[in-house]
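Written below as structure tokens is the structure these notes are about.
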Amino acid sequence: MPKLKTHTGAKKRFSKTGTGKIKRGQTKTRHILTSKSPKAKRKLGRTLLVSDGDFKKVARMIPYARALRAAAFFWLPHGCSWAKMAPAKSETRSHWREIQACKSE
């Protein structure tokens, strides 16, 4: 399969979060700022997430964008279900034992 090309405009404007969502900046922050209130300018300075309707289009434009954290928890061994893999807050060691047991089955 050939390599996919990243859209150069998209790689400058979007980035992935640790959970795989895509962040974007806001428009209307470049000029004519004197007519905007300080509150409006503060709100425009924040980053937002890409909407559900645009997510597939943007994700296709940045195919090799990496999440900030490693995606180790999203990997699931063959034949295991997500119900087995969902750890409680205090069960991280037993969670890894279940993964190892599931791998050996």
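The values are calculated or read from the model by the stated rules, or taken from the named source; none is laboratory data. Bear in mind the structure is a predicted one, so any value in this text is a computation, not a measurement. Glycine gets a Cβ as well: all are built from the backbone with ideal geometry, and neighbour counts include every protein chain shown.
Answer yes or no: is there a residue in the range 75-87 that is at pLDDT below 95, out of contact with any Asp or Glu (no Cβ under 8 Å at 6 or more places or on another chain) and in a helix (DSSP H, G or I). Checked the range 75-87: at least one residue is at pLDDT below 95, out of contact with any Asp or Glu (no Cβ under 8 Å at 6 or more places or on another chain) and in a helix (DSSP H, G or I). The condition (being under 16 Å from Ala67 (Cα atoms), in contact (Cβ under 8 Å) with a residue 12 or more places away in the chain and surrounded by 10 or more Cβ atoms within 10 Å (Cβ to Cβ)) is satisfied by just one residue among Lys28, Lys41, Lys11: Lys11.
All of Lys3, Lys57 fail the test of being of a type in the set (Lys, Arg) and either part of a helix (DSSP H, G or I) or at pLDDT 95 or above (or both), apart from Lys57. A count restricted to the range 14-25 and to residues that are part of a strand (DSSP E or B), within 12 Å of Ala65 (Cα to Cα) and not aliphatic (A, V, I, L, M) stands at 4.
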